[in-house]
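Okay, so here's the structure we're looking at.
The values are calculated or read from the model by the stated rules, or taken from the named source; none is laboratory data. All values derive from a computational prediction rather than experimental measurement. Ideal geometry is used to build each Cβ from the backbone, glycine not excepted, and the neighbour counts take in all protein chains shown. Side chains are part of the model used for accessible areas, which takes the heavy atoms of the whole protein and leaves out ligands, DNA and RNA. Shrake-Rupley method; radii C 1.70, N 1.55, O 1.52, S 1.80 Å.
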Amino acid sequence: MSIAVDDYLNEAPEPQKSTLNELRQTLCEILPDAVEALSYGVPAFKVEGKAVAGYAYFKNHCSYFPHSGSVLPELAVELQSYDWSKGTLKFPIDESLPRLLVAHLVEVRLAQLGRT
């Protein structure tokens, strides 16, 4: 756990805080050896120094950042019900991303980094 990430999440309003804490827990389980840190001012999980997954809260949505412009397009079919662009996946403030989807997002990013 990272104190900087804890501080970021402690400043988040509800329900964003609970939603992102759930996502954080999922990422901790999927990436047990990753390092948590702030990247571009938001929480990120890094593997061997490379950002693999990040997230943030906003007033009307939460966001997931794959730290690559080609992860989300590769999973376009799975993301049909979400608002997304090349580098950002938006999701509701009160509903975390499904574990299976997060696992796929991480899997694609790790494959890009040659760490499958």
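Tell me, please, whether a residue that is at pLDDT below 95 and either open to solvent by 60 Å² or more (accessible area, probe 1.4 Å) or under 17 Å from Ala4 (Cβ atoms) (or both) can be found in segment 84-100. Checked segment 84-100: at least one residue is at pLDDT below 95 and either open to solvent by 60 Å² or more (accessible area, probe 1.4 Å) or under 17 Å from Ala4 (Cβ atoms) (or both). Just one of the numbered conditions (1) within 18 Å of Asp6 (Cβ to Cβ); (2) open to solvent by 50 Å² or more (accessible area, probe 1.4 Å) is not true of Asn60: (1).
Conditions (1) under 19 Å from Glu11 (Cβ atoms); (2) of a type outside the set (A, V, I, L, M), marked per residue:
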residue: Leu31; (1), (2): no, no
residue: Ala34; (1), (2): no, no
residue: Gly41; (1), (2): yes, yes
residue: His61; (1), (2): yes, yes
residue: Pro66; (1), (2): no, yes
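Residues in segment 60-83 that are in a strand (DSSP E or B) and out of contact with any Pro (no Cβ under 9 Å at 6 or more places or on another chain) were compared, and the one that is farthest from Ala103 (Cα to Cα) is Asp83.
Can you tell me which of Ala4, Ala12, Ala76, Ala111 is open to solvent by less than 80 Å² (accessible area, probe 1.4 Å), touching a helix residue (DSSP H, G or I) at 6+ places or on another chain (Cβ under 9 Å) and of a type in the set (A, V, I, L, M)?
Values: Ala4 fails: touching a helix residue (DSSP H, G or I) at 6+ places or on another chain (Cβ under 9 Å); Ala76 fails: touching a helix residue (DSSP H, G or I) at 6+ places or on another chain (Cβ under 9 Å); Ala111 fails: touching a helix residue (DSSP H, G or I) at 6+ places or on another chain (Cβ under 9 Å).
Being open to solvent by less than 80 Å² (accessible area, probe 1.4 Å), touching a helix residue (DSSP H, G or I) at 6+ places or on another chain (Cβ under 9 Å) and of a type in the set (A, V, I, L, M) holds for just one of Ala4, Ala12, Ala76, Ala111, which is Ala12.
Which residues, counting only those in segment 1-26, are within 13 Å of the chain's Cα centre (by Cα), hydrophobic (A, V, I, L, M, F, W, C) and under 16 Å from Glu95 (Cβ atoms)? If the condition is that a residue be within 13 Å of the chain's Cα centre (by Cα), hydrophobic (A, V, I, L, M, F, W, C) and under 16 Å from Glu95 (Cβ atoms), then Leu20, Leu23 are the ones that fit.
Reported count of residues in segment 15-54, each being open to solvent by 60 Å² or more (accessible area, probe 1.4 Å), of a type in the set (S, T, N, Q) and assigned to a strand (DSSP E or B), is 0.
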